[in-house]
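Single-structure report; data block below.
The values are calculated or read from the model by the stated rules, or taken from the named source; none is laboratory data. Predicted, not measured: the structure shown is a model, and the values here were computed from it. For neighbour counting, all protein chains shown are included, and Cβ atoms are generated from backbone atoms with ideal geometry for every residue, glycine included.
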Amino acid sequence: MGNFAAGALGGLGGAIAGNILYDQFGRPHHAPAPGAPPHEHSAAGVFPPTAPGPGQEPPRETFDPNAGATGDWGGGFAIGKEVLWHASRDEDGRGPATLLTDLAARHFGYSSAVEIATGMHLGTIDRDRTHELVPLLFAAVDAGDSVAAGVVQRQAEEIALLATTTIRRIDALDAPIDVVLGGGMLTSRHPALIEPVLERIGAVAPGAVVSIITDAPIVGSALLGLERLDALVGQCGSALARRERLRATLAPPHEVRA
């Protein structure tokens, strides 16, 4: 295959980059077999194209992931806050009616979305539970809620824009290219999110081959650490077996609440 996008794109959760098991140079995290060229296999099971020549780095593009202050938008935590924002505006009359209001209240066992937001602010509800609102968003989409559909549509636009902008910046719009996506929202594989992402990327970069991985972001860091340690101490044994044990150890339990 041709050139590939090595975007260490941060932020969007999840959504693309920090989760794609690439290091700071955009190289897939893998432990090559003795004598194998770099980039022969990637951790996600995608096969990037020809490796750079001696002394050359792969194309590298970065985006500042400063929680929305530098142009980033979306990801599980931010989308959870968006759900509460829309639900709260439904309750006080400033926004349109949405199923998100009742879904959020019932899920957390409170009478209103404002109570949930207040509890998170005061610490009586763990802020990490904000991610639990994302499955409720998709449930509202399935029920025909236009507010929820709008949130998912914007997230799809942002994911596709991040990918296509990276491809454009490395001048690969017309090249065969691997685009590796990750993050909790994408791994839901909900068609309301996935289909527009694929359509938008394909319209701008028709040679793109899109893959979605399920590994947690920390797996990439741990794999890179194992590679460096193996090189340092000359570790023997199966690198593949060690990687699989690592994934099994780091894989979190998956719980979806409706």
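Are there any pairs with C-beta distances below 6 angstrom linking a residue in segment 111-127 that is assigned to a helix (DSSP H, G or I) to a residue that is basic (Lys, Arg) and surrounded by fewer than 18 Cβ atoms within 10 Å (Cβ to Cβ), with the two at least 6 apart or on different chains, and if so which?
Filtered contacts from segment 111-127: MET120/ARG127.
Among (1) of a type in the set (Val, Ile, Thr); (2) buried (at least 22 other Cβ atoms within 10 Å of the Cβ); (3) farther than 18 Å from GLN153 by Cβ, where does THR124 come up short?
If we test THR124 against (1) of a type in the set (Val, Ile, Thr); (2) buried (at least 22 other Cβ atoms within 10 Å of the Cβ); (3) farther than 18 Å from GLN153 by Cβ, just (2) comes out false.
Out of (1) at pLDDT 95 or above; (2) over 27 Å from VAL219 (Cβ atoms), what's the single condition that is false for LEU133?
Status for LEU133: all satisfied but (2).
Can you tell me which residue within segment 172-188, out of those that are aliphatic (A, V, I, L, M) and not in a strand (DSSP E or B), is surrounded by the most Cβ atoms within 10 Å (Cβ to Cβ)? Reasoning before the result, please.
Going through segment 172-188, the residues aliphatic (A, V, I, L, M) turn out to be 172-173, 175, 177, 179-181, 185-186.
This time we only want the ones that are not in a strand (DSSP E or B), so: 172-173, 175, 185-186.
On the way: ALA172: 19, LEU173: 15, ALA175: 17, MET185: 28, LEU186: 24.
Step by step, filter segment 172-188, then rank; the result is MET185.
Hey, among the residues in segment 72-121 that are of a type in the set (Phe, Trp, Tyr) and over 18 Å from ARG154 (Cβ atoms), which one's surrounded by the fewest Cβ atoms within 10 Å (Cβ to Cβ)?
Residue satisfying both the conditions and the ranking: TYR110.
Could you please find all residues in segment 205-231 being modelled with pLDDT of 75 or more and in a loop (DSSP other than H, G, I, E, B)?
Of everything in segment 205-231, those that are modelled with pLDDT of 75 or more and in a loop (DSSP other than H, G, I, E, B) turn out to be ALA205, PRO206, GLY207, ILE213, THR214.
(1) out of contact with any Gly (no Cβ under 7 Å at 6 or more places or on another chain); (2) of a type in the set (Gly, Ala, Ser); (3) at positive phi; (4) at pLDDT 80 or above: which one isn't true of GLY234, the others all being true?
Condition (4) is where GLY234 drops out.
Is it true that some residue in segment 161-177 is touching a residue at least 60 places away in the same chain (Cβ under 8 Å), among the aliphatic types (A, V, I, L, M) and closer than 25 Å to HIS131 by Cβ?
Yes.
Consider PRO191 against the criteria (1) surrounded by 17 or more Cβ atoms within 10 Å (Cβ to Cβ); (2) closer than 24 Å to LEU137 by Cβ: it satisfies all of them except one. Which criterion is unmet?
That leaves (1) as the condition not met.
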